[in-house]
């Protein structure tokens with residue numbers, strides 16, 4: 001397979017459990033980061049916890065600039081180059097059906113203004129605004145067409161192909177376990193048993209809700225997603241589930 005540009009998301013080292021979580025946006029990301037926040041809290045300076053910790057929104061510590069800088073200094077937020085230093089750690093991620101992930105992205109970042117800062121209905125979420133092609137009130141059909149035209153090297157992480165977060169230059173997986181959002185309870189139970197976590201449950205933040213993802217698609221948009229995310233669909237063995 002030809003070499004590819006390595007694109008990374010947050011790599012969260014859980015040193016006390018000798019494991020690394022490879023975060024993929026729009027795949028229970030906020031919930032997983034809240035869980036990771038609990039698992040790393042013992043390693044954090046009490047002054048940092050007092051300043052940045054929020055029991056209401058724990059993923060905050062992975063989002064604010066100065067908090068992220070501290071986590072990098074502590075070796076909790078890693079770069080791809082630093083992975084070699086944790087070569088013996090167990091690495092895991094969660095993935096999601098690409099058709100479902102795109103619906104979730106549209107609903108939260110474009111359609112659902114309640115999740116935007118201040119409920120602002122005049123703009124899209126900041127994470128997509130930089131593209132300059134997404135706009136408030138954008139239909140799902142137009143959103144899919146637009147996403148399909150943006151290659152991974154230019155795409156925001158919320159709709160970038162999932163394989164780009166968890167493969168190397170040769171296209172090989174760099175994680176030991178790929179869990180599925182569709183089986184999150186079972187797969188996280190496996191993660192917990194493997195790394196030695198007990199007594200934890202995943203918090204459910206930013207749940208999409210609403211109708212099944214298949215109801216948003218027509219034949220054209222279904223095929224556009226199939227072509228745009230063909231590598232994800234093949235690698236993670238997903239299909240468009242009419243019964244969803």
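For the reader, a short list of remarks on this structure follows.
- With a requirement of 3 or more residues that are out of contact with any helix residue (DSSP H, G or I) (no Cβ under 7 Å at 6 or more places or on another chain) and surrounded by fewer than 17 Cβ atoms within 10 Å (Cβ to Cβ), the helices (runs of 4 or more DSSP H) lying completely within segment 131-226 that satisfy it span 184-195.
Each row is one residue, and each column tells you yes or no for (1) over 20 Å from residue 198 (Cβ atoms); (2) surrounded by 14 or more Cβ atoms within 10 Å (Cβ to Cβ).
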{"position": "20", "(1), (2)": "no, yes"}
{"position": "26", "(1), (2)": "yes, yes"}
{"position": "31", "(1), (2)": "no, yes"}
{"position": "37", "(1), (2)": "no, yes"}
{"position": "40", "(1), (2)": "no, yes"}
{"position": "47", "(1), (2)": "yes, no"}
{"position": "51", "(1), (2)": "yes, no"}
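Where a number appears in this text, it was derived from the coordinates with a stated rule and is not lab data. Because the structure is a prediction, the values reported are computed rather than measured. Because the Cβ atoms are built from the backbone with ideal geometry, glycine has one as well, and the counts that use them run over all protein chains shown.
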